[in-house]
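Visitor: Mind looking over this structure? Questions follow.
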Amino acid sequence: MEKEQLFKQQAAAEVLTYIESGMILGLGHGSTAIWAVRGLARKLSRGELTEVQGVPCSRMIEAEARRLGIPLTTLEDHPPGPSGLVIDLTFDGADEVDPDLNVIKGGGGALLREKIVAQASRREIIIVDESKLSPVLGTHWAVPVEVIAFGWRTQAAYLESLGAQVRLRLGDAPEHGAQPFKTDQGNFILDCDFGPIRDPASLGARLDARTGIVAHGLFLGLVTEVIVAGTGGIRHLLRET
């Protein structure tokens, strides 16, 4: 087994130790989160956890969770209090993590639902292998930006005006031609290479303010903890408050 794959499994196994019976969980999307979803199913089947409910961050994870017998719920089933927090703990992966525990997400295309779930979570735990750590966001990974299909080229031009090299993400069905990738909401994704992002908060605000941009992959101030697996073992990083 490749080291990276092993580290992903180790990080996924570690996050399961923070889950308690009766919790409402956010089930993240991606190659690391899927290991945690499968581990959660095993704990439920063995009776090690009970009365757990999951809120999946994508249709793919929803289908996998149903196949594994994980009880599912929705945010609408649990009216939020004034804080808007519904979920006890969400585990999810990330594409890049900076020292302040800001992250880039969306490589798998589920960034909108992932951000909605993150915003509704008391604890947002990111699970990664050590290759995802970065001194500055954007050093290794482009920022996915989800846009509505109508007028998407105008969004691309706007993003280029902010300094990005923009690429329309294409789907995985070459037999049907080079068709745009579509999110679960039917939107397009523009992968935007800004290079190292020195002021992610400012960039995030400019993306948030643009009509036609539905969501972006800068998750700023949402992550409470990061579990990192690597050659030195498991590290648990906490965001300073």
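Read-outs: derived from the displayed coordinates by stated rules, not from any lab. Quantities reported herein were computed from a predicted structural model and do not represent experimental measurements.
Visitor: Pick from R206, R46, R198 the residue whose mean-square fluctuation is largest in a GNM of the chain, springs joining Cα atoms under 10 Å.
Guide: Most flexible of the set in this elastic network: R46.
Visitor: Right, next: Which lysines have a Cα lying under 27 Å from the Cα of K182, excluding residues fewer than 8 positions away in the same chain?
Guide: K8, K105, K115, K132
Visitor: Moving on to the next point. Of G212, G109, G28, which is the most mobile in a GNM of the chain whose springs link Cα atoms less than 10 angstrom apart?
Guide: It is G212.
Visitor: Residue-wise, which Karplus ³J(HN,Hα) couplings in Hz belong to segment 66-81, taking 6.51 cos²θ - 1.76 cosθ + 1.60, θ = phi - 60°, and x for glycine or proline?
Guide: Per-residue couplings from phi come out as 5, 4, 8, x, 7, x, 10, 9, 10, 5, 5, 6, 10, x, x, x Hz.
Visitor: Now for a separate question. Along each of its three principal axes, how wide is the spread of alpha-carbon positions in segment 143-212, in whole angstrom units, largest first?
Guide: Principal-axis extents of the Cα atoms in segment 143-212, largest first: 40, 23, 20 Å.
Visitor: Next question. What residues have an amide H closer than 5 Å to that of C57, excluding those fewer than 5 places away on the same chain, when H is modeled at 1.01 Å from N in the peptide plane?
Guide: L27
Visitor: Karplus couplings for segment 132-148 from phi (6.51 cos²θ - 1.76 cosθ + 1.60, θ = phi - 60°), rounded to Hz, Gly and Pro as x?
Guide: Along segment 132-148, the couplings run 7, 6, 8, x, 8, 4, x, 5, 10, 9, 6, 8, x, 10, 8, 10, 6 Hz.
Visitor: Next question. Pull up all non-local amide H partners of H140: gap of 5 or more, or a different chain, and H-to-H distance under 5 Å with H placed in the peptide plane.
Guide: Residues meeting the criterion, in which the H sits 1.01 Å from N, do not exist here.
Visitor: Let me check against my output: what whole-number percent is the relative contact order of segment 144-221, with C-alpha pairs under 8 Å and at least 6 apart?
Guide: Computed over segment 144-221, the figure is 41 percent.
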